[in-house]
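The values are calculated or read from the model by the stated rules, or taken from the named source; none is laboratory data. Here the structure is a predicted model, which is why all the values come from computation and not from measurement. When we count neighbours, we look across all protein chains shown, and the Cβ atoms used for this are built from the backbone with ideal geometry, even at glycine. Areas reflect the complete protein model, heavy atoms only, side chains present, ligands, DNA and RNA absent. Shrake-Rupley method; radii C 1.70, N 1.55, O 1.52, S 1.80 Å.
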Amino acid sequence: MAQFEKLSFQELARFAQLPQDEYARQICAQRKVEESSVFGMCLHDDVLAMGTTFDQIFRLDMHGRAIGEPQPSQLGRVYALAVAGDRTKPILCAGGDKGIAFSNWSDGTHCRLHQSPATQYPDGSFPPPPECNALVVEAGGTSVLCGDGDGRIRRRDIETGKITDEVQAHSDMILALCHASEAHVTASCSEDGTCKLLDLRDSAKVVKEVPGIDDAFRKACNLPDEKHWCGAVHIDAHCNWISLAGGFAECESGGWFCTRYAQTGEIVRSYKSSASIRCLEADERNNELLMASDCAFVTGWNLR
């Protein structure tokens, strides 16, 4: 079995044509799904950057046309993208399997890679450094919040890459972050199925916990009765409403999306999708919420 996993995608595709190689066909199909998955995206000056599970970052205009060549990410799978710096020299922040990388927005040059510290096991050994799954650039554009695979939120200085603060926010890996600038609240959602609103200004504290899927949502959209995860979140500047999306333990079960009033938790919009939803990105100028899923589709929702 291991021989197939070491082959390139092109070599594997050749083996998959042979009727006796069922395992090769399964692995080939899995690779195709991984290549098409969009986990991270960000919008800047009508250019949409998209990070994939195949170690590349693509740039598209708002008509879906490719801009330039794909950029190698140096991160393995890319899970999160954000833009920092000023308008004359924007910086692309990318999070992935190997940590976080900072590079020039336009072409990905001058890339700097940084890793988070791993938590030591009781036996004294260390796991691999946690991946960076979510990013939020803070006001001023000089620091970034990183949602990591060990459930911690870490604040990094973009110029040096150094960690200046951190807090344990979830019991499982963090998958998405979003900041409400006027309310001074950061939303964090996780593999543990919850979304938490945190105040990270001085001593970090949880302001509110919002369910991903509750009984009312499950019944209204006929969602499967299985473990779910929260993979994407968006909140408005004043934290009046919050949009959440994600998937289920079984990939075949598809995904889910809902918008709630932040204060009451009341659902104002809900949707069951055919694939897990990985990221949400707001285009405030056009009043659209862009949603990307495992099927490489980008869907636009009206924010009003």
Checklist outcome for this item: Between residue 199 and residue 226, the two model label points (7 Å from Cα along the beta-carbon direction) sit apart by a distance in nm of 4.0
Next on the checklist: With θ taken as phi - 60° and the coefficients 6.51, -1.76 and 1.60, list the Karplus ³J(HN,Hα) couplings across segment 260-272 in order, rounded to whole Hz; mark glycine and proline as x.
Outcome noted: 10, 6, 5, 6, 9, x, 5, 7, 10, 7, 8, 7, 9
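In nm, what is the difference between 0.36 nm times the number of residues separating residue 45 and residue 89 and their Cα-Cα distance?
That pair, residue 45 and residue 89, stretches by 14.6 nm at full extension.
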Checklist entry - Roughly speaking, what is the stretch gain from residue 159 to residue 208, that is 0.36 nm per residue apart minus the C-alpha to C-alpha distance, in nm to one decimal? => result 14.4 nm
Checklist entry - If amide H atoms are built 1.01 Å from N in the plane of the peptide, which residues on other chains or at least 5 residues away come under 5 Å of the amide H of residue 85? => result 91
Checklist entry - When only Cα pairs under 8 Å and 6 or more residues apart are kept, what is the percent relative contact order across segment 54-179? => result 16
Checklist entry - Compactness ratio of segment 134-190: Cα Rg over 2.2 N^0.38 Å, N = residue count? => result 1.06
Checklist entry - Based on the mean of other beta carbon atoms within 10 Å per residue, what is the order of 67-74, 220-227, 116-123, most packed first? => result 67-74, 220-227, 116-123
Item to check | segment 62-72 - phi-based ³J(HN,Hα) in whole Hz, Karplus 6.51/-1.76/1.60, Gly and Pro as x | outcome: 6, 9, x, 8, 5, 10, x, 8, x, 9, x
Checklist entry - What is the local net charge at residue 143, summed over the other residues whose Cβ is closer than 11 Å to its Cβ (Lys, Arg +1; Asp, Glu -1)? => result 0
Checklist entry - Quick one: if the Förster radius is 30 Å, what FRET efficiency do residue 172 and residue 111 give, using the C-beta to C-beta distance and rounding to 0.05? => result 0.55
Checklist entry - Remind me, what semi-axes does segment 204-273 give for its equivalent ellipsoid, largest first in whole Å, using sqrt of 5 times each Cα gyration tensor eigenvalue? => result 21, 13, 11
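Would you mind getting the Kirkwood hydrodynamic radius of segment 136-268 from its Cα pairs, rounded to one decimal in Å?
Answer for segment 136-268: a Kirkwood hydrodynamic radius of 15.2 Å.
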Item to check | Surface share of carbon and sulfur [accessible, 1.4 angstrom probe, percent] for segment 114-210 | outcome: 48
